[in-house]
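Written out below as structure tokens is the structure these notes cover.
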Amino acid sequence: MRRRVSLVLSVALLLAGAGGVASWRWWHHRAPYGPEALDAQATLQLVDQATADAALRPSNAEQADAGDQIFLGRVTWSRPSDPQKGGSLRIIVLDKRSHLPPGFIAATSALPDAVSTGSDGALDLAEQRYAWLRGAGTREVNEQSWSSGSAIYVDSVDASPVTFQFVLRSARPGTPPEQMVATGPAEVEDLLVALISVGPDGQVYWAQRLLN
């Protein structure tokens, strides 16, 4: 009888523990607000170097060479009523033809210190969840992970608007797969702009396609 009681208690504790883990995972991945709370909008246009330089000040715009294309974009959103502490956003640009991001993005915002560029694991998670974000994260080449593109990291919801600029250059024959990035010539309609909501621990809450 004592052995049976112990077995019942063990099963009960196991079920309670499993339920606790499930509850924690649900809470951990529950978005504090949805994309409708931000009402984010994006614009993208082809510009000349002088326009890009003026838009990025006091930051530095990427310099284009003859024959290159300069794209200038902006993402704006409304501040949520109850922003999450430690939450952040990613802004990603993808060439829908090649599923590749630009090699470098220059960015500034209402809070210049709140934006930076690069790549992180949140892009991999978003790509796994959303098929239309294929190419946003790292890619496997010869059994190694590579990331040659760039996205925008925004660590404050008060940073709107974010202004960004990138240059598309002609493809270079013989470029190794691990170094490939978006190339020109391209039309604005070829380029997707998305916003990704990320939690304090790098969990991806949602991604929203803002343009194209």
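Any read-out appearing in this document is the output of simple, stated calculations on the displayed coordinates, not a laboratory observation. Remember, it's a predicted structure, so these values are computed and weren't measured experimentally. Ideal geometry is used to build each Cβ from the backbone, glycine not excepted, and the neighbour counts take in all protein chains shown.
Which cross-chain or sequence-distant (5 or more) residues have an amide H under 5 Å from the amide H of TRP206, H modelled 1.01 Å from N in plane?
SER197
Hey, what do the phi angles of the range 188-200 turn into as Karplus ³J(HN,Hα) couplings, whole Hz, using 6.51/-1.76/1.60 and θ = phi - 60°, x for Gly and Pro?
Whole-Hz 3J(HN,Hα) from phi for the range 188-200: 4, 5, 7, 10, 8, 10, 9, 10, 10, 9, 10, x, x.
Choose one of LEU94, ALA52, LEU72: the residue whose Cα lies farthest towards the positive end of the charge dipole of the chain (beta-carbon charges +1 Lys, Arg; -1 Asp, Glu; about the Cα centre).
LEU94
What is the gain in length, in nm to one decimal, between ASP120 and ARG172 on full extension, counting 0.36 nm per residue of separation less the C-alpha to C-alpha distance?
Extending this stretch completely gives an extra 16.1 nm.
Measure off 7 Å from each Cα along the Cα-to-Cβ vector at HIS99 and ASP155, then give the distance between these two points in nanometres to one decimal.
3.2 nm
Can you compute the modelled spin-label distance between GLU140 and VAL188, with each label point 7 Å from Cα toward Cβ, in nm?
That separation, rounded to one decimal, is 3.9 nm.
Round to a whole angstrom and tell me the spacing of the C-alpha centers of the range 189-211 and the range 130-157.
If we compute the Cα centre of each part, the gap is 12 Å.
For the chain, just list the percent of Cα-Cα distances falling in each 10 Å bin from zero outward, please.
Answer for the chain: a P(r) of 8, 31, 30, 15, 7, 5, 3, 1, 0 percent.
If each of SER59 and ARG30 carries a label point 7 Å out from its Cα toward its Cβ, how far apart are those two points in nm?
If labels sit at SER59 and ARG30, their model points lie 3.4 nm apart.
Which one, GLU178, GLU62, GLU36, has the greatest fluctuation when you compute a Gaussian network model over the chain with C-alpha springs under 10 angstrom?
Judging by the Gaussian network model, the answer is GLU36.
Taking the chain as the reference, fit the longest principal axis to its C-alpha atoms, fit the long axis of helix 2-28 to the helix C-alpha atoms, and give the angle between the two in degrees, 0 to 90, nearest 10.
Tilt of helix 2-28: around 20 degrees.
Excluding the sites themselves, what is the longest stretch of the chain that contains no trypsin sites (Lys or Arg not before Pro) in a DSSP loop with at most 12 other C-beta atoms within 10 Å?
98-212
Specify the residue with the greatest mean-square fluctuation among VAL93, VAL115, VAL47, computed from a Gaussian network of the chain linking alpha-carbon atoms under 10 Å apart.
In the Gaussian network model the winner is VAL47.
Residue separation times 0.36 nm, minus the C-alpha to C-alpha distance between SER78 and ASP48: what's the value?
7.9 nm
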